[in-house]
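Worksheet: one structure, shown below.
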Amino acid sequence: MLSKNKTTLKKESDLVFGVTVFLTALFSVYFYQVAWGWPIVDSYPQIERMLDSSYLTNDFHTNTFGDFSARLYIAYFFIFGSEFFQTHYTIFIGYANLLRIFLLTTAVFIFLNTVSKNKYVALIGTFLGAVSFYSVPRMIAWFFSTPVISAAEISLIIIIFSTALIYQNKLSIGFLLLGLSMVIHPVVTIHGAGFAAILYFTKYGLGAYKKLFKVPVLLAFSFMAGTFLLNYIPYKNSLKGSTLLSSSEFTHIIGEVRHPHHYIPSMFGLEIWGLFLFYAATFIYMSFKLKKQLAKSINTFIKYYLIYLSLVLVVGYIFVEVWPIKEVVTIIPYRSLVFFGLVYLLLFSQYVFYKFKNKDYISFLFLHLPFIPILAQDILVSSICMIVAFSYAILTDFLASRNIKLSIKIDQYFFNRVNLNYFYLFIITFALASAYFGLGRGIAFNIPNINAKENEVYKWLNENTPEESVVLAELDVDYLVNQKIRLISDRAVPISKDFPFNEKYYSDWNERYIDIYGGKYDNLNYINNMSEAELNDISKEYGVDYYLRTKKLKQSENVSLEKIIRMNEENVYIYMKN
């Protein structure tokens, strides 16, 4: 009878555990989903051009897809999915993102459970990651993940699943998944493969390389290498006959001009570096504190992973900023830091569980503070919370080493009677209810609607300008105004921040940005302050037909004021070039 009761209790515990993980993934979907936004707008012209070869023939960005596109396979996926389910691709993207977020949480749980071999550590890490949407730790250059679907985000999920399989010595399936990821986003996959390799060899030893020569593994590895060539060969072929950039020119455009916060260490900012170093310090502290609790292979992995990250930081600085080498810049060294977020979560959840097992319940609760959804979205607030919570945790570690424990009766009473399963089930249920009833959150795909009041300018352009028109917009008109002109109005723009993923267009993109916006993404009022003569020069050079400004031009025979529309508490003046 006693044995039967234990079996029943175990089944009940397992059921509660499974429901908790499921609801955690559901909360992440419900609270954070952003189905349509940047960088999905980045894929929109590619999809439209594939559906209609005559789409925006005068649009610079859309015309860069002809020879090669890094978005090709993800665009095929969106088109195939929309046709299979007989719905518009915007709707398919919305639902695909819901599934993507759910699978991300699932992948993180499987990874943490596989590596830690402790379902409670996996539960804690999955909960903390999902409710904060992986915004802790704050890293330099790249976030671990974002709520917006993209090729990189889809690849990330596949890589996490494949890494868990490789860690279990299921090399063939792991390599096949990495091959699939390689098709979607080669750069992220290359870094993911490096991450998986470190994890694998620190567990099985360098002698495990012999397993790579088994026929099924070799075939799977060949598949992965072949999928890399699916992107590499078309890219190289697209460059034939073109004058290529030097390493310094290449780095200047793609790094300093386009995304300095991804490539150039000196331009990351002191605040970002400071936060990263703080989290790195907490990571090192936890690795020493938990050395006896962690498996030998995990301790070895942490040691070599820190060496690997140090090399990445050095290589990223020397061969990107100091002495640029195009091939190094292309693989974006600091993109490796994406996986630091996953390793940090593994170690942090182990530390939180350590606090729980040692009945340091106040520290256990405090360490959840930086991950609270509303707090986690503010980098400064969540970082302050982490500094306070972690400082307290270190204090209690120090006191515990001297047999002094800080506790209150309430926390002892509660946790002596409540299993971790039920604790997290209660918290996640409360969070879901609060999001629905308190915050009024709901599933909203936010697909651009041309008839919405805030899109009146774009509707007017769509209905009152020729389809082949090119529109030049002042950046102060609206957030991502150029993308919205293309996306909602179906009109071409001479340039936008959307970057061509083909080197032969880099110089043209850069020159256009300098001529039109002074070479800056956020150069507000640049178009507003242009004289009519300057606008006329741009029109001649880039075939512009219409101007959008929030500052009125002087009356002239060369331009005619077509419409004034109130938008974002400002007048938007729409001019046509005569």
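The values are calculated or read from the model by the stated rules, or taken from the named source; none is laboratory data. Source: prediction; values computed, not measured. Every residue, glycine among them, receives a Cβ derived from its backbone with ideal geometry; neighbour counts consider all protein chains shown. Just so you know, the surface numbers come from the protein's heavy atoms only, side chains and all, with ligands and any DNA or RNA stripped out. Shrake-Rupley method; radii C 1.70, N 1.55, O 1.52, S 1.80 Å.
Take the range 233-242 and flag every residue that is in contact with a helix residue (DSSP H, G or I) (Cβ under 8 Å, 6 or more places away or on another chain) and either exposed (fewer than 13 other Cβ atoms within 10 Å of the Cβ) or modelled with pLDDT under 90 (or both).
The one that is in contact with a helix residue (DSSP H, G or I) (Cβ under 8 Å, 6 or more places away or on another chain) and either exposed (fewer than 13 other Cβ atoms within 10 Å of the Cβ) or modelled with pLDDT under 90 (or both): Ser242.
Can you go through Tyr95, Tyr76 and tell me which one is over 19 Å from Phe31 (Cα atoms), open to solvent by 40 Å² or more (accessible area, probe 1.4 Å) and either in a helix (DSSP H, G or I) or at pLDDT 95 or above (or both)?
Answer to the check: Tyr76.
Looking at Ile124, Ile190, Ile158, Ile184, which is the one that is open to solvent by 10 Å² or more (accessible area, probe 1.4 Å), aliphatic (A, V, I, L, M) and under 28 Å from Gly18 (Cα atoms)?
Ile158
Give the residues of the range 547-562 that are outside any strand (DSSP E or B) and either hydrophobic (A, V, I, L, M, F, W, C) or at pLDDT below 90 (or both), sorted by residue number.
Leu553, Lys554, Gln555, Ser556, Glu557, Asn558
Here is a check on your reading of the model: is Ser310 assigned to a helix (DSSP H, G or I) and of a type in the set (Gly, Ala, Ser)?
In short, yes.
Of all residues in the range 442-490 being acidic (Asp, Glu) and part of a helix (DSSP H, G or I), which is farthest from Thr90 (Cα to Cα)?
Across the range 442-490, the extreme among qualifying residues is Asp476.
Scan the range 544-554 for residues that are touching a strand residue (DSSP E or B) at 6+ places or on another chain (Cβ under 8 Å), open to solvent by 40 Å² or more (accessible area, probe 1.4 Å) and not acidic (Asp, Glu) and jot them down.
Within the range 544-554, Lys551, Lys552 meet the criteria.
With Val315, Val320 as the choices, which residue is in a helix (DSSP H, G or I), within 23 Å of the chain's Cα centre (by Cα), more than 29 Å from Phe161 (Cβ to Cβ) and among the β-branched types (Val, Ile, Thr)?
Testing whether each residue is in a helix (DSSP H, G or I), within 23 Å of the chain's Cα centre (by Cα), more than 29 Å from Phe161 (Cβ to Cβ) and among the β-branched types (Val, Ile, Thr) leaves just Val320.
When only residues in the range 269-293 that are modelled with pLDDT of 90 or more, open to solvent by 20 Å² or more (accessible area, probe 1.4 Å) and assigned to a loop (DSSP other than H, G, I, E, B) count, which is farthest from Tyr344 (Cα to Cα)?
Lys292
Quick one: would you say Arg49 is in contact with a Ser or Thr (Cβ under 6 Å, 6 or more places away or on another chain), among the charged types (D, E, K, R), modelled with pLDDT of 90 or more and not in a loop (DSSP other than H, G, I, E, B)?
Yes; evaluated as a whole, the condition is true for this residue.
Identify all residues within the range 492-505 that are touching an Asp or Glu at 6+ places or on another chain (Cβ under 8 Å) and either outside any loop (DSSP other than H, G, I, E, B) or open to solvent by 10 Å² or more (accessible area, probe 1.4 Å) (or both); write none if there are none.
Passing the criteria: Ala492, Lys504.
Please work out which residue is modelled with the lowest pLDDT, limiting yourself to the range 407-441 and to residues that are open to solvent by 70 Å² or more (accessible area, probe 1.4 Å) and assigned to a loop (DSSP other than H, G, I, E, B).
Filtering the range 407-441 for residues that are open to solvent by 70 Å² or more (accessible area, probe 1.4 Å) and assigned to a loop (DSSP other than H, G, I, E, B), the one modelled with the lowest pLDDT comes out as Arg417.
Condition first: surrounded by fewer than 18 Cβ atoms within 10 Å (Cβ to Cβ), more than 23 Å from Thr282 (Cα to Cα) and in contact with a Ser or Thr (Cβ under 7 Å, 6 or more places away or on another chain). Now tell me which residues in the range 294-325 satisfy that.
Ile325, the sole residue that qualifies.
Where the second residue is open to solvent by 30 Å² or more (accessible area, probe 1.4 Å) and the first is outside any helix (DSSP H, G or I) and lies in the range 345-360, which pairs have Cβ atoms under 8 Å and are six or more apart or on separate chains?
These pairs meet every condition: Asn358/Ala400; Lys359/Lys405; Lys359/Ser407; Lys359/Gln412; Asp360/Ala400; Asp360/Lys405; Asp360/Leu406; Asp360/Ser407.
Test Gly18 against the criterion of being over 30 Å from Val343 (Cα atoms), open to solvent by 10 Å² or more (accessible area, probe 1.4 Å) and among the small types (Gly, Ala, Ser), and give yes or no.
When the stated conditions are applied, Gly18 does not pass them.
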